[in-house]
1. Which one, H55, H118, P148, projects farthest toward the positive side of the charge dipole computed for the chain from Cβ point charges (K/R +1, D/E -1)?
2. If you compute Rg and Dmax of the Cα atoms in Å for the structure shown, which of [x] 15.7, 48; [y] 17.6, 57; [z] 26.8, 90 do you land on?
3. Carbon and sulfur: what percent of the chain's accessible surface (1.4 Å probe)?
4. Before I look further, what does the chain give for accessible area per residue, probe 1.4 Å, in whole square angstrom?
5. How large is ³J(HN,Hα), in whole Hz, for each residue of region 147-163 in order, when computed from phi with the Karplus curve 6.51 cos²θ - 1.76 cosθ + 1.60 and θ = phi - 60°, using x for Gly and Pro?
6. Using r as the Cβ-Cβ distance of D63 and A17, and R0 as 22 Å, what FRET efficiency do you calculate, to the nearest 0.05?
7. ³J(HN,Hα) across region 124-134 via Karplus (A = 6.51, B = -1.76, C = 1.60, θ = phi - 60°), whole Hz, x for Gly/Pro?
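The values are calculated or read from the model by the stated rules, or taken from the named source; none is laboratory data. Predicted model only: the values in this text are computed from it and were never measured. Don't worry about glycine lacking a Cβ; one is built from the backbone with ideal geometry, like all the others, and counts go over all protein chains shown. To get the accessible areas, we keep the full protein, side chains included, count just its heavy atoms, and leave off ligands, DNA and RNA. Shrake-Rupley method; radii C 1.70, N 1.55, O 1.52, S 1.80 Å.
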Amino acid sequence: MGKLEALYFGYDTEEAATNMAVDEVLEGIAAATGHTFLRFYDTPRNAIVLSISDHPSVIKGSDEKIEISRRITGGKPIFLGSNTLSYSIEGSIDLIEGESKGSALSNPNILHNVLGTHILEALKKVTGLGSDRMALGDVYSVTVDGKPIVGHAQHLSAKSFIYHGVIAID
């Protein structure tokens, strides 16, 4: 993949359900226009976001102060709070070049390897950590010393994708 060029939407704070809906709308626009979008977001209160296949019974102990939402992507439930930074990339499947493009729909790891590598390289620059400590993880993650610090989920359609993640921060 060549240089990743994206329309940057900045950083905003919206309810988790709104953020998940924005991801889906931007994926549709990416499919229609071929644009790629990058945005960072937060929620005004703690939230648990279920994957498309999660049953609400997976949540053990919650209260009305925690928003419960659902996303179109797979994976495990995620927690959004003051110690996380969330981001999403929506783009055309054409972003993936060569033979990998056709395989991306049948092998979702290809999208993670392409976009996850960009995220990994950016995090290395920001943190100063080298490849000896920071790497792409097996399950759509970025790890430091073998422990995940970033989790990703994705949704692929015939023309576009959503690739979003949550970074644990101090």
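1. P148
2. [x]
3. Details: 5010 of 9020 Å².
The nonpolar share, carbon plus sulfur, comes to 56 percent.
4. Working: 9020 Å² over 170 residues.
Heavy-atom accessible area per residue stands at 53 Å².
5. 9, x, 10, 9, x, 10, 9, 8, 10, 10, 10, 4, 10, 8, 8, 10, 9
6. Values: r = 17 Å, r/R0 = 0.79.
The computed FRET efficiency comes out at 0.80.
7. 4, 5, 5, 8, x, 7, x, 5, 5, 10, 10
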